[in-house]
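The values are calculated or read from the model by the stated rules, or taken from the named source; none is laboratory data. In this text the structure is predicted, and so the values were computed from the model without any measurement. Heads up, the Cβs are rebuilt from the backbone with ideal geometry, glycines too, and the neighbour counts pull from every protein chain shown.
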Amino acid sequence: MDVQYWQTLILKEIRFMKKILLGLIALSLGVFSSCTNDDIEINSTTAPVQDALTISVDLSKFYSGYTFDDTKHNIDQIAEAYRTFNSGSEMLIEVRTLIYNKSTEALVDSIVNYVTNTNAVTASKNLLPGDYYAITTLTFATKNKVSYWRLDDKEKISTAKLSPKNRYNKWSILSIATDNFTVSRTQPARINTIPSPLGSLIYFYFQNFQYIDEASFGDVADNKVRRIALYTQRRADSYNLDPNATSKFNYAKETESGSWYIDKVLEPDDFDDGSWTHFKSNLYSYTYVLEPEQHTTFGLMREGDSGFSGYGEQNTSFTPGTTYLAYWDYFKIGNPYLGVADNNHWNDYKITTLFKIPYTEWGANKATVKKYMEENNYELFSEEANYLAYDGRFSELYSYYDFNTSGKLDYVDLYFNTSISLTTLSDYVVKNANAEYYTKSDDGSTTWYLTKDGKSAIGIAAITYDDGSTVNVVEYKDNTGVSAAARRSLSRSLNNINLKLNNK
């Protein structure tokens with residue numbers, strides 16, 4: 001063959017092989033380039049770390065410090081109420097952790113759980129590498145998962161704060177913990193935290209609160225007290241979550257000038273000057289003091305005063321997680337108490353037994369009453385068809401049991417020397433006969449009480465004998481089956497009582 005022909009053919013093969021080789025090189029470069037780009041995407045810094053944080057929250061300190069139990073007055077036992085979460089209301093504990101980025105201050109994520117016990121709560125979160133704060137709070141919440149605290153301006157840690165929705169409620173306690181942690185791609189973060197109580201609970205108890213003109217126990221006259229209050233020069237209404245905040249508390253505008261602010265006031269809601277003349281039930285309530293220290297005064301306001309008279313501790317330092325007692329007794333007005341509640345500050349009254357509550361099973365016959373009185377060592381000194389009369393065993397001169405024409409017990413009279421005053425007898429009836437003031441007779445001489453079971457009306461009056469001497473009488477009268485309208489019209493006086501035992 002022609003040499004030139006072979007040269008031309010070889011050159012064509014060489015060119016073809018070059019194209020193939022260049023194509024392979026280009027393909028190879030493309031493959032390597034593609035692999036490099038995929039690797040960059042897989043290692044992107046925008047991908048979160050799986051289970052970067054695992055946090056375990058111990059609830060043991062949430063309410064353990066509020067241990068005061070009132071064993072003298074049968075009022076809600078605080079620690080027990082917290083333990084059982086008021087089963088009728090199905091209370092919950094809200095366990096919330098807010099996660100903030102330290103560098104940006106931004107809220108990154110949150111964890112919220114609702115529990116009915118104080119076991120530890122554990123949860124995990126995916127996070128980007130970085131430095132963080134974990135702010136954990138414990139609050140009570142309703143069965144509908146509504147917390148007793150409001151979280152405001154939470155987007156930035158520098159502005160985030162908590163405010164109590166109802167600081168007067170015993171469910172408004174709060175515990176808090178702040179933890180620092182770092183997330184990396186090689187080491188997960190683990191936190192075991194125990195939130196501690198913030199703020200204190202004050203338990204108010206006002207004993208023997210009474211109205212104007214009511215007979216007082218012993219020799220204490222009406223002192224015109226109409227309101228009781230705890231008041232302060234500064235009152236915190238929210239708490240800053242920022243661990244670096246120079247001031248953790250935000251104060252109500254009313255107290256920025258240092259003027260006095262009412263933190264809690266207790267006043268009978270049915271008080272009507274001049275119309276109520278009987279004992280008011282003992283009053284109690286709660287308030288939550290957020291700040292640890294404040295200029296605090298526990299005081300009263302008398303009728304006609306424009307301000308409060310302070311007599312409690314001032315510049316009080318409140319230990320977080322502690323229950324304090326604000327206690328005042330009408331009969332011991334000079335000895336109020338504001339301090340740690342330890343059940344040692346109640347006033348006790350040693351009252352002489354004036355009389356034993358008489359036999360008042362209305363409708364009983366004479367034989368039944370006689371048997372009862374004999375078993376209780378009463379000495380019968382006079383008997384007729386319609387009555388039995390017994391010598392006194394305590395402070396009474398004698399007692400008189402009257403029977404109606406059907407032979408059924410109708411009323412009982414207890415006679416006393418006037419040295420046992422009507423005031424003393426009234427107080428004794430209220431405190432020992434489970435009775436409440438009802439009305440006065442039309443002529444004003446007799447004060448009537450009703451037992452809370454509705455069975456007996458009790459009248460108290462001074463009765464004068466024909467010879468001019470006087471005795472004080474307590475009468476128990478059958479009130480069973482009496483209509484409400486009849487009770488409202490109860491106005492008879494004891495002045496016309498039949499003093500058959502004038503010569504006793």
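Restricting attention to the stretch 181-193, report how many residues are touching a residue at least 60 places away in the same chain (Cβ under 8 Å) and either surrounded by fewer than 16 Cβ atoms within 10 Å (Cβ to Cβ) or among the aromatic types (F, W, Y) (or both).
5
Looking at S399 and the list (1) under 20 Å from N479 (Cβ atoms); (2) outside any strand (DSSP E or B); (3) of a type outside the set (K, R), which single condition is not satisfied?
(2) is the only condition that S399 fails.
Do you know which of the residues in the stretch 301-328 that are modelled with pLDDT of 80 or more and crowded, with 20+ Cβ neighbours inside 10 Å is farthest from L266 (Cα to Cα)?
So, considering only residues that are modelled with pLDDT of 80 or more and crowded, with 20+ Cβ neighbours inside 10 Å, the one farthest from L266 (Cα to Cα) is G321.
When the residues of the stretch 457-504 are filtered to those that are of a type in the set (G, A, S) and modelled with pLDDT of 85 or more, which remaining residue is nearest to the chain's Cα centre (by Cα)?
In this case the residue turns out to be A457.
Within the stretch 107-120, track down each residue that is within 30 Å of Y288 (Cα to Cα) and outside any loop (DSSP other than H, G, I, E, B).
L107, D109, S110, I111, V112, N113, Y114, V115
Can you tell me which of Y327, Y359, Y390 is outside the structural domain of Y428 (by TED's automatic domain parsing), of a type outside the set (A, V, I, L, M, F, W, C) and not in a loop (DSSP other than H, G, I, E, B)?
Y327
Could you run through the stretch 380-422 and say how many residues are surrounded by 14 or more Cβ atoms within 10 Å (Cβ to Cβ) and free of Cβ contacts under 8 Å to residues at least 40 places away in the same chain?
Looking only at that region, the number is 8.
Please specify each residue of the stretch 330-356 satisfying the condition of being out of contact with any Lys or Arg (no Cβ under 9 Å at 6 or more places or on another chain), at pLDDT below 75 and not in a helix (DSSP H, G or I).
Hits for the stretch 330-356 are I333, G334, N335, K350, T352.
Just the residues that are hydrophobic (A, V, I, L, M, F, W, C) and under 34 Å from the mean Cα position of the chain (by Cα), please, taken from the stretch 444-456.
L450
Going through D152, D69, D131 one at a time, which residue ends up being assigned by TED's automatic domain parsing to the domain that holds N169, in contact (Cβ under 8 Å) with a residue 24 or more places away in the chain and within 15 Å of the chain's Cα centre (by Cα)? I'd like the intermediate steps shown before the answer.
Numbers: D152 fails: within 15 Å of the chain's Cα centre (by Cα); D131 fails: within 15 Å of the chain's Cα centre (by Cα).
So the residue among D152, D69, D131 that is assigned by TED's automatic domain parsing to the domain that holds N169, in contact (Cβ under 8 Å) with a residue 24 or more places away in the chain and within 15 Å of the chain's Cα centre (by Cα) is D69.
Which one of these is out of contact with any Phe, Trp or Tyr (no Cβ under 9 Å at 6 or more places or on another chain) and assigned to a strand (DSSP E or B): A134, A123? Full working, then the answer.
Values: A134 fails: out of contact with any Phe, Trp or Tyr (no Cβ under 9 Å at 6 or more places or on another chain).
Exactly one residue qualifies, and that residue is A123.
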